[in-house]
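See below for the structure under consideration.
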Amino acid sequence: MASNGFEAGAEPVRDHPVVGLTTYLQPAQTGVWDVRASFLPAIYFEGMAMAGGISVLLPPQPADAAVAERVLYGLDALVITGGRDVDPAAYGSPRHPMTDEPVADGRVRDTFEFMLLQTALRRRMPILGICRGAQVLNVALGGTLHQHLPDVVGHTRHQQGNAVFTTSSITTVPGTRLAALVGPATDAQCYHHQAIDRLGDGLIVSASDTDGVVEAVELDPRRNPDHWLVAVQWHPEERLDDLRLFAGLVEAAGRYATQRTQKVSS
């Protein structure tokens, strides 16, 4: 009988890295049902599959360090996805009138993602932040946010509303991981009214737009050559004809998986 790779004592074949993606927690409708739900737009995990990764969805839930360790056990990379505004209490600021009002489900998600990031950073696990994910990462590392970009740049082009993404011209910083992935410049699909203000500890700016808005951050690759972490303010999943960011994460996840396997077997 042919082996399926899952006999007792056998390790499953790891042809593709396993990537955890955080999900939304909010009211959702399907058919006659109107319920609280954990969900993620399919385009995220479709892009991950196209890049060679296996997606595992991570629903927001009460978490401490032990829970975060268990959730990330067996994963090779972490993606913090888009969604509602981070509760400004997390970075010591009063709420701007245009900031999403904090709700219980939002606070659960904030705390869950902060705990996952704390654990993933300690493990030096590859991390990709997308839109809100870049903001969560920055706040988790002690940074702050501009709560309403029109107050800063004088226009609403970063988020025009009605679920319509706008295209921004992004310039990368030479020598960064992002520049190595996408080159000196790229077009980005944006839908955000907040952005990074004061940088979190250990982060560097790796891209900005024509308004000077920070559009990507990462760990300095010169100081952290073995820890792949990139966070972008835009939505790379909206352009599945350009998988370079997802492919970069999957490649780093493959290296992480190999290193982890070698440690276990040694």
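What follows is calculated from the coordinates using simple rules that are stated; it is not laboratory data. The shown structure was predicted, so the numbers you read here are calculated from the model rather than taken from an experiment. Here Cβ is always computed from backbone atoms with ideal geometry, including for glycine, and neighbour counts include all displayed protein chains.
In terms of packing, defined here as the mean over residues of other Cβ atoms within 10 angstrom, the peptides 172-179, 242-249 line up highest first as 242-249, 172-179. Inter-label distance, GLN159 to ARG244: 2.7 nm, where each label sits 7 Å from its Cα along the C-beta direction. The ranking of THR166, THR186 by Cβ neighbour count inside 10 Å, starting from the fewest, reads THR166, THR186.
In terms of overall dimensions, the C-alpha atoms belonging to the chain reach 66, 50, 34 Å along their principal axes, ordered largest to smallest. Here the spin labels are modelled as points 7 Å beyond Cα on the Cα-Cβ line, and at ARG222 and ARG260 they lie 3.1 nm apart.
The DSSP beta bridges internal to the chain are antiparallel in roughly 65% of cases. Please state the shape class of the range 163-255: rounded when a/c is under 1.5, otherwise prolate if a/b exceeds b/c and oblate if not, all from the C-alpha gyration tensor. Cα axes put the range 163-255 in the oblate bin. Of the peptides 57-67, 212-222, the order by per-residue mean of other Cβ atoms within 10 Å, starting with the highest, comes out as 212-222, 57-67.
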